[in-house]
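In what follows, a structure is listed as structure tokens, so that the remarks can point back to it.
The values are calculated or read from the model by the stated rules, or taken from the named source; none is laboratory data. Quick caveat: nothing in here was measured; it's all calculated off a predicted structure. Backbone-built Cβ (ideal geometry, glycine too); neighbour counts: all protein chains shown. Accessible surface areas use protein heavy atoms only, side chains included; no ligands, DNA or RNA. Shrake-Rupley method; radii C 1.70, N 1.55, O 1.52, S 1.80 Å.
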Amino acid sequence: VSRRGLVITVAVALAGGGVGWLLGQQFGRPPQPQKVQAEVTNRLDGLLNAGFTEWLRKHDPELISSIKSSSLFAYAVSGLTLIDLPKGVRYARGDVLVSEDELAAAIIATQFRRKSGEERPTLDWDRQPTPDLANLLVSWNKHLRAVGNVVLWDVRARLKYVVATSSFPSTTKAAAVKAAIETAAAAWYDASGVRWDCATDLESRVGAGWAVDPLFVDVEFVVRYVEQAPGLRGEYAFAFFPASLRSEHEILITPAFFLQTDYTPHGLLTHELGHVMGFVDERGRSSGGLTPVDPQSVMFLPTDPSIPRPINLRFDRLDETTIGAIYPK
Ligand SMILES: [Zn+2]
């Protein structure tokens, strides 16, 4: 999240039919009105990564290496912000971080197209990998489900998370973040029925290391403080998508989070939890010719200086409609 807006966000729209079909199939409901389907389709992250990344790491690690050293990769990352974190280099798609392996896998899984008259090929983010890949991931985590090409949490998921208190510069700051995320989680619970569980008893076991400890198989994500690092340009926080690699399941809080006065802390974290639930940034999403961007959405970060600060990000009616369609209570 940055004051400058999210111009580098690579938003991904889904192929139209999948979600509509699955909404009908999965929930046994009459088809949603066309508009709701389009809205749902447009708002989700369809860039499938983790299952395919893990599969490639196991079966064809050389392909990942060769892609990472290719000019194609260099071209694909040229529009993204590189952040040099202690856990390694990450690329920022807006306020969602992607690892190099995930990006390489996305390049392999998606396809390139060369538009007429263009010198270089364009990564076709809208052309999605097959649903088989979604199932590959879902088989790894019992709390996930595949909806077409999109990976989402189960509608009855209980998302256990740990705030890494020892990573914060003070217990006061850790407590402030914990209180804000609990308010944000309560808002998501009200809208979706997905439960959140702040596991305070596990805090002492989450140390300075970066990866989620594999012992905590039922911990879905960790909330950490990250010091100023090369590439960080005043972003307030970073999140992940359900399809992100498990080792990337972290919400990172930056020093700027505590200095900013643009957003209420719980509003900002309601936005970050939106990414955790699978939603893309409204501002940057590709329209896909489906629905217009919703500037009142919790997933839209206003940059208009005339709006009084702090802005309290919250769900609008379209948010509630789409959340209810994807995560029915
Ligand atoms: Zn965002």
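Can you pull the one-decimal nm distance between simple spin-label points at VAL293 and LYS58, each 7 Å off the Cα toward Cβ?
3.9 nm
Which FRET efficiency value, to the nearest 0.05, is calculated for SER170 and ILE311 with the Förster distance at 35 angstrom and r the Cβ-Cβ distance?
Values: r = 26 Å, r/R0 = 0.73.
That pair, SER170 with ILE311, gives E of 0.85.
Please quote Rg/Rh for the stretch 231-274 to two decimal places, taking the Kirkwood radius as Rh and restricting both calculations to Cα atoms.
Working: Rg = 11.1 Å, Rh = 11.2 Å.
In the stretch 231-274, Rg relative to Rh is 0.99.
Would you please state which residues of the stretch 262-277 a label at ASP304 would reach in this model, taking the label point 7 Å out along Cα→Cβ and a backbone N cut-off of under 19 Å?
262-264, 268
How would ILE67, ILE323 rank on accessible area, largest to smallest, probe 1.4 Å?
Details: ILE67 25, ILE323 5 Å².
Descending accessible area places them as ILE67, ILE323.
Sort GLU39, GLU54, GLU62 by accessible area with a 1.4 Å probe, largest first. The partial results should precede the final answer.
Numbers: GLU39 5, GLU54 50, GLU62 145 Å².
Order by accessible area, largest first: GLU62, GLU54, GLU39.
How do ARG285, ARG317, ARG246 rank by accessible surface area computed with a 1.4 Å probe, from largest to smallest?
On the way: ARG285 15, ARG317 200, ARG246 85 Å².
From most accessible down to least: ARG317, ARG246, ARG285.
What pairs in LYS142/LYS329; LYS68/LYS142; LYS58/LYS160; LYS160/LYS329 have C-alpha atoms more than 25 Å from each other?
LYS68/LYS142; LYS58/LYS160
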